[in-house]
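Student: Below: one structure in structure tokens.
The values are calculated or read from the model by the stated rules, or taken from the named source; none is laboratory data. Note that the coordinates shown come from a computational prediction; the quantities given were computed from them, not determined experimentally. Please note: Cβ atoms are built from the backbone with ideal geometry, for glycine as well, and neighbour counts cover all protein chains shown.
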Amino acid sequence: MTIGRIVVYVLAAMLAGVTIGLLRSWPSDVRLQNEVAQPPVPVIETRISVRSSPPASSPPSSSSGSPSPTTAPPLALTGPAEPRPGPELPPGEPVRAFGRGGGRSPARPPGRPRPRRDLLVEVEQGAVLPQAHQPFAAAVDQALADPRGWTASGTVAFRRVDVAEPDVRIRLTATETARATCGFELPYDTSCYVGGVVYVSAPRWFRGAESFAGDLAGYRRYVINHEIGHFLGHRHEACPADGAPAPVMMQQTFSVSNDRLAEVTAGTPQGLSVPRDGSTCVPNPWPHPEVSR
Ligand SMILES: [Zn+2]
């Protein structure tokens, strides 16, 4: 036998050793995936030890490593197995295996305001020309949908519906209807909220108020938001500081000046004692004017 042949035999023997090592490591992976040939507990132990094992260059601790030395793959060939999340149910709370069928909705938390209010937009028959109907509804929609409106609080939302029993009606009404409903002790046309209905005075809708200085669109937004504010339970407010935005619950139809408002309402209180402090606000149609558009 020549030296060349000896070298060939040695190389062949080494190659056979490597192949056997690979074949020994292969079945252990198959068992990990199928969980058939091994009970599940050793598999879980293997995974935990892999996650907490030190880097490959460090010697393995006594608690880590494979459960059986006969299936341990040669370190030089495969290294530590990667953690692989599988379909197993994680440990935790005991869970009932059986129910009684059917279902029941969990109760709404107490005290939480109803998030959405259904509103119906109406126009009193004969109160205004037909071509004014749709623009009125559109203005209501825009006033309530604006991010500076009541929805900015996050506790209320509105949906316009066409049903017999909405949460609130917003009705554009003729001059005398509004006067008869809202009162006319103060000889000024006003809108109001009574018994689930916002009565919008048509003369105010089409002519606005002096305090808004010709900004008819702004005044219309104010009227809707002010009266819906009453629907939501808000009361009248005074101007908090000279030059500040007028609170939407201030009676801006009468004035944005506290002194003027106190004078106008002196004989007919409006649920608020307006201080005569010289403060005059800037007209403002929004419940939350601080919110950027
Ligand atoms: Zn009011």
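Student: Restrict the check to the range 261-271 and report whether at least one residue is hydroxyl-bearing (Ser, Thr, Tyr) and in contact (Cβ under 8 Å) with a residue 40 or more places away in the chain.
Tutor: Yes, the range 261-271 has at least one match.
Student: Hey, another quick one. Give the range 177-201 a look and list any residue that's of a type outside the set (Asp, Glu), under 40 Å from the mean Cα position of the chain (by Cα), within 21 Å of VAL248 (Cβ to Cβ) and not in a strand (DSSP E or B), or say none.
Tutor: Scanning the range 177-201 gives ALA178, CYS182, THR190, SER191, GLY196.
Student: Kindly establish whether GLY183 is within 12 Å of the ligand (Cβ to nearest atom), of a type outside the set (S, T, N, Q) and at positive phi.
Tutor: So GLY183 fits the description; yes.
Student: In addition: What number of residues within the range 210-224 are away from the ligand (no atom under 11 Å from the Cβ), in contact (Cβ under 8 Å) with a residue 12 or more places away in the chain and under 20 Å from ALA137 (Cα atoms)?
Tutor: Qualifying residue count, the range 210-224: 7.
Student: In the set GLY208, GLY183, GLY195, which member is within 30 Å of VAL264 (Cα to Cα), of a type in the set (Gly, Ala, Ser) and surrounded by 18 or more Cβ atoms within 10 Å (Cβ to Cβ)?
Tutor: Answer to the selection: GLY208.
Student: Suppose we keep only residues that are aliphatic (A, V, I, L, M) and within 14 Å of the ligand (Cβ to nearest atom) within the range 257-293. Which one would you say is surrounded by the most Cβ atoms within 10 Å (Cβ to Cβ)?
Tutor: Only one residue tops the list, namely LEU261.
Student: Report, by residue number, each residue of the range 243-252 that is more than 10 Å from the ligand (Cβ to nearest atom) and out of contact with any strand residue (DSSP E or B) (no Cβ under 6 Å at 6 or more places or on another chain).
Tutor: GLY243, ALA244, ALA246, PRO247
Student: Modelled with pLDDT of 95 or more, under 29 Å from VAL291 (Cβ atoms) and of a type in the set (Lys, Arg): does that describe ARG159?
Tutor: When the stated conditions are applied, ARG159 does not pass them.
Student: Are any of the residues in the range 95-116 in contact with a strand residue (DSSP E or B) (Cβ under 6 Å, 6 or more places away or on another chain) and at pLDDT 90 or above?
Tutor: Yes; the residues of the range 95-116 include at least one that is in contact with a strand residue (DSSP E or B) (Cβ under 6 Å, 6 or more places away or on another chain) and at pLDDT 90 or above.
Student: Then there is this: Does GLY233 qualify as being at positive phi, away from the ligand (no atom under 11 Å from the Cβ) and free of Cβ contacts under 8 Å to residues at least 24 places away in the same chain?
Tutor: Spelling it out, GLY233 is indeed at positive phi, away from the ligand (no atom under 11 Å from the Cβ) and free of Cβ contacts under 8 Å to residues at least 24 places away in the same chain.
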